[in-house]
Amino acid sequence: MTKTVLILGATGRFGRNAAEAFRVAGWSVRSFDRQTQDLRQQADGVDVIVNAWNPPYPDWARLVPRLHGEVIAVAADTGATVIIPGNVYVFGAQMPGSWSGATPHMAQNPLGRIRIEMEEAYRKSSVRTIILRAGDFIDTTASGNWFDMVLTKGLARGELVYPGRPDVSHAWAYLPDLARAAVALSEQRGSLPRFCDVPYTGYTLTGSELAQALSRVTGDTVRLKQMRWWPLWLARPFWRMAPFLLEMRYLWNLPHSLDGTFFDQLVAGFEPTEPDVALRHAIPDPTARPSALAQA
């Protein structure tokens, strides 16, 4: 019997990768257009709802509770399992270390509190929920995330522009792998706890290690250059995103990783993509890019 998944946010980063991963796994995939479709009608008969809706930061306080409330109501009515790409915002700036499903959610900043309250709404509901928690995304195409918009923007010049301390560990997730993980968890949804918080290890890399990996991938020496934060401070009165990017700056200086022990127990034999292979897919073809030496 064909299983059906409804992807909310199918044109976004996680949603696009999830749609592809579910198709490859043989699922029937539906997408949802908020402008033209009714959520309850689209969710009729689906087994899983992937809630990859992610409004811009300035709209989180207004939209996140409402959008997730709609999903909870529909999933409670239809019996669908909801899987959510979770992030690390819930842990907070005073909580360095290896984060697991048992790590307290101690964030006090606005964005972290919104995520805590959103997850609590699912926990308190009757809806079967999977939080697939990961670090910053590495995508296969430029999609407006930190990796392509900031860190590797200067790669053609042999530069990795890094927003934090180069010696601090940082959690990353390669989106095709994370999407495959979502499929694997969806396949066994009936045997999981009703509310299931599953950290996904992904890659844990310092800025220096990321520069070294990009050097191997490109064949050029990639130098680490510190990102300047002062333009964001100056932009605060004029750019809605600036205060929120500054709010989350701590993650670039807080040593952290995700403890994937629980995921490994649930999905035995899962084979993640090697970091260098993922980075090779995430950046422009190095053979089509002039080397750093050629530009010197």
Quick one: would you say PRO96 is closer than 30 Å to SER169 by Cα, touching a Lys or Arg at 6+ places or on another chain (Cβ under 8 Å) and in contact (Cβ under 8 Å) with a residue 60 or more places away in the chain? no
Reported set for the range 26-71 where residues are free of Cβ contacts under 8 Å to residues at least 40 places away in the same chain, more than 29 Å from ARG113 (Cβ to Cβ) and assigned to a loop (DSSP other than H, G, I, E, B) is GLY26, ASP33, GLN35, THR36, GLN37, ASP38, ASP44
Worksheet item: Just to be sure, is LEU251 assigned to a helix (DSSP H, G or I) and surrounded by fewer than 15 Cβ atoms within 10 Å (Cβ to Cβ)?
Response: no
Scanning the range 1-25 for residues that are of a type in the set (Val, Ile, Thr), closer than 23 Å to ALA76 by Cα and without any contact (Cβ under 8 Å) to a residue 60 or more places away in the chain, the one surrounded by the fewest Cβ atoms within 10 Å (Cβ to Cβ) turns out to be THR2
Note to self: Regarding the range 227-242, can at least one residue be identified that is farther than 29 Å from PRO104 by Cα, at pLDDT below 95 and charged (D, E, K, R)?
What the structure shows: no
Residue count, the range 100-149, condition of a type in the set (Asp, Glu), at pLDDT 95 or above and out of contact with any Phe, Trp or Tyr (no Cβ under 9 Å at 6 or more places or on another chain), comes to 2
Checked the range 90-99 for anything surrounded by 17 or more Cβ atoms within 10 Å (Cβ to Cβ) and either part of a loop (DSSP other than H, G, I, E, B) or touching a Phe, Trp or Tyr at 6+ places or on another chain (Cβ under 8 Å) (or both); matches are PHE91, GLY92, ALA93, TRP99
Here the residues within the range 216-234 that are touching a Leu at 6+ places or on another chain (Cβ under 9 Å) and either small (Gly, Ala, Ser) or assigned to a loop (DSSP other than H, G, I, E, B) (or both) are ASP220, THR221, VAL222, MET227, TRP229
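Only one of these is over 15 Å from the mean Cα position of the chain (by Cα) and not aliphatic (A, V, I, L, M): PRO176, PRO110. Name it.
Answer to the check: PRO110.
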Of the conditions (1) modelled with pLDDT of 95 or more; (2) over 16 Å from VAL277 (Cα atoms); (3) surrounded by fewer than 18 Cβ atoms within 10 Å (Cβ to Cβ); (4) not charged (D, E, K, R), the single one that SER215 does not satisfy is (2)
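For (1) free of Cβ contacts under 8 Å to residues at least 40 places away in the same chain; (2) assigned to a loop (DSSP other than H, G, I, E, B); (3) under 23 Å from ALA19 (Cα atoms), each residue gets a yes or a no:
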{"residue": "ALA102", "(1), (2), (3)": "yes, yes, no"}
{"residue": "ARG113", "(1), (2), (3)": "yes, no, no"}
{"residue": "ILE131", "(1), (2), (3)": "no, no, yes"}
{"residue": "MET149", "(1), (2), (3)": "yes, no, no"}
{"residue": "LYS153", "(1), (2), (3)": "yes, yes, no"}
{"residue": "LEU185", "(1), (2), (3)": "no, no, yes"}
{"residue": "PRO193", "(1), (2), (3)": "yes, yes, no"}
{"residue": "THR201", "(1), (2), (3)": "no, yes, yes"}
Conditions (1) within 18 Å of TRP252 (Cβ to Cβ); (2) assigned to a loop (DSSP other than H, G, I, E, B); (3) of a type in the set (S, T, N, Q) -> THR141 fails only (1)
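The values are calculated or read from the model by the stated rules, or taken from the named source; none is laboratory data. Keep in mind that this is a model prediction, so the values were computed, not measured. Reconstructed Cβ throughout: ideal geometry from the backbone, glycine too, with neighbour counts over all protein chains shown.
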